[in-house]
């Protein structure tokens, strides 16, 4: 569990702070000890990735993994963020895991079409939630992320 | 004249006692006409003045009584008296004759008015017949009997001559009534000279023909009396009774005149023979002509009333057609309105479903927190207990803290947990239903037999573990979305398996039949059945059984069936089993509107 690359920063983008907290806690519990950043708006997520605005002086070292919610207020949805990241050459390699409450097959397909790595539905049942996050932690542990050439996590 | 019922008595008496000036003029006119006609009658007499084939004054008297009523009797009496007095009868004989000459036409007119209610236009066959019988044949028995009596009493005619004189008298009066009265009556009834164009030409031709033929016929001694008949018949059929009556009178005048002056076909034989021939001819001519005229008039009236009825019918048909067209237009408008409504309803339904989807979806996010942090609290409590076990605390405080953590916090968390679970089930049901409503269908002809076979196959394990027997009967094809209809069968089969009666070998039958435009399917089980209390809510969204999570629920399959234009219902005996049935359209036209 501890073999997740230490330099990997897990960025949780979710408008619900509670969800961010729950994901973070459960991931920590599974042994993920990486740095966590929580962001509540889509545009701020892009600011973080592109080192601008409030995140202009962010350290450029290390890799990013994005846990992205879909429904967010403030103009940019998770789908918009995903589309922008996957459209840009420099950020296309960033692994994106969709973590949302939506289990609508159309949305799921759309996300995969846009290039997300994994799509995980947030279960309400805490046991299932735990299970999902544990799987996520396992997933993170097997990910090899070369600093310059990130491996895209294959679809399930 | 007096109308005591409606006018002041003094006034009506005054009016009654003072004859109106018009009345006096009428009296004078009738009397003069009578006397003049009598002179004409004398002029037409054969050889002796007593023998006249036609006595025109009687016709004038009959017509006058019919047209002006009984009160003109003084004119008739005066006319008759004067006429007879002029012809050198003794005064008392003239007066006696005048009484009969007044009474005869008066009685005839009374009979015709009261009993027959004669139409002065002689437009009916019965008018002509009754005028002949009552006005002429019967009424003139009075005048002739009275006249002959007076002649005998006055010593002018010997008793033995009575039958012959009576006969001649009666014939003259009867012919006068039969020939003259119709002409007067019909012209008084309709005095308009309204012939135009072709009609006028025709009338002129008929008149000319009549005059020519009459003169020729009654000038030679050859038996040529009958050529006038076709002309009178022509007039009778083509014109009104007034023209016919005038034509008959004209022919009669010529015939009588010529016969009286020893010309024409009727001059052969004795005086009586002449009279007999002439009178028979005139009577036949008159009755024939007037009868034909009456028949023609009756036919014209029938035609007119038929035409009127036709026109009325036509206008009624037009009216009704217009009403129907209006009703049709109204119906079309209502249909259009209904179409709009249906569309609006479908749109509203979609909106509601979209709304339900969004709401139920958004409601999930806080639920994740509720459950997640409940779990966090539980973990914290566990940590607290572990810490407590390690810490050195007073035993009673430790016990109290444990109780708080376990019962206080733990109990509360369990309630929160079960409520959130229930909330989640409800939201899931809503989501499923709204998704069912929004799902796009691909309509095709479904091989229902293959679909059901694969559905049953998917339940193979469940069927095996329940030791149930599933039989599949005939299954007709239907039109629909194969995935959606598969869900319907799957759900119904799942329910049947789920609610089998424990301790009884499960038997489930799936079958179908073809109705008129629909295929009907059923899933029958011998399971627990549905309690009566649960039936009304069976297909509702928040039915407790439905929210339990497996299958897509009865509300959703009802939505699917209804979107296909079908119907679903359940029959059940509690404790004995249930039968769920649904219909699907066979042809394209029966599809649901929101497909």
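The values are calculated or read from the model by the stated rules, or taken from the named source; none is laboratory data. Keep in mind that this is a model prediction, so the values were computed, not measured. Cβ sites come from the backbone with ideal geometry, for glycine too, and all protein chains shown count toward neighbours.
Annotations for the structure displayed:
- Boolean, residue B:330 is assigned to a helix (DSSP H, G or I), exposed (fewer than 13 other Cβ atoms within 10 Å of the Cβ), within 14 Å of another protein chain (Cβ to nearest Cβ) and out of contact with any strand residue (DSSP E or B) (no Cβ under 8 Å at 6 or more places or on another chain): no
- Residue identified as closer than 30 Å to residue B:432 by Cα and either touching a strand residue (DSSP E or B) at 6+ places or on another chain (Cβ under 7 Å) or more than 14 Å from chain B (Cβ to nearest Cβ) (or both) among A:15, A:69: A:69
- Options B:407, B:361; residue that is out of contact with any strand residue (DSSP E or B) (no Cβ under 6 Å at 6 or more places or on another chain) and either away from chain A (no Cβ under 14 Å) or modelled with pLDDT of 85 or more (or both): B:407
- Cβ pairs under 6 Å, 6+ apart, first in region B:346-363 and under 19 Å from residue B:563 (Cα atoms), second assigned to a helix (DSSP H, G or I): B:353/B:434; B:353/B:437; B:353/B:438; B:356/B:430; B:356/B:434; B:357/B:434
- Residues of region B:459-478 satisfying the condition of being over 18 Å from residue B:577 (Cα atoms) and surrounded by 14 or more Cβ atoms within 10 Å (Cβ to Cβ): B:459, B:473, B:475, B:476, B:477, B:478
- Among the residues of region A:108-126, the one identified as within 14 Å of chain B (Cβ to nearest Cβ), assigned to a helix (DSSP H, G or I) and in contact with a helix residue (DSSP H, G or I) (Cβ under 8 Å, 6 or more places away or on another chain) is A:126.
- Some residue of region B:368-391 being more than 14 Å from chain A (Cβ to nearest Cβ) and not in a helix (DSSP H, G or I): yes
- One residue stands out among those in region B:414-464 that are outside any helix (DSSP H, G or I), farther than 17 Å from residue B:492 by Cα and more than 14 Å from every other protein chain (Cβ to nearest Cβ): the one that is farthest from the chain's Cα centre (by Cα), which is B:447.
- Residue check, residue B:163 part of a helix (DSSP H, G or I) and more than 60 Å from the chain's Cα centre (by Cα): yes
- Test result for residue B:316, part of a helix (DSSP H, G or I), closer than 27 Å to residue B:187 by Cβ and out of contact with any helix residue (DSSP H, G or I) (no Cβ under 9 Å at 6 or more places or on another chain): no
- Screening region B:346-358 for residues that are closer than 18 Å to residue B:426 by Cβ and surrounded by 14 or more Cβ atoms within 10 Å (Cβ to Cβ) and picking the one that is nearest to the other protein chains (Cβ to nearest Cβ) gives B:357.
Every residue, every condition in (1) surrounded by fewer than 21 Cβ atoms within 10 Å (Cβ to Cβ); (2) at pLDDT below 90; (3) not in a helix (DSSP H, G or I), yes or no:
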position	(1), (2), (3)
B:480	no, no, yes
B:489	no, no, no
B:528	yes, yes, yes
B:533	yes, yes, no
B:556	no, yes, no
B:559	no, yes, no
B:578	no, no, yes
B:584	no, no, yes
B:592	yes, yes, yes
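- Among (1) more than 14 Å from chain A (Cβ to nearest Cβ); (2) surrounded by fewer than 18 Cβ atoms within 10 Å (Cβ to Cβ); (3) within 60 Å of the chain's Cα centre (by Cα) - the single one residue B:400 does not satisfy: (3)
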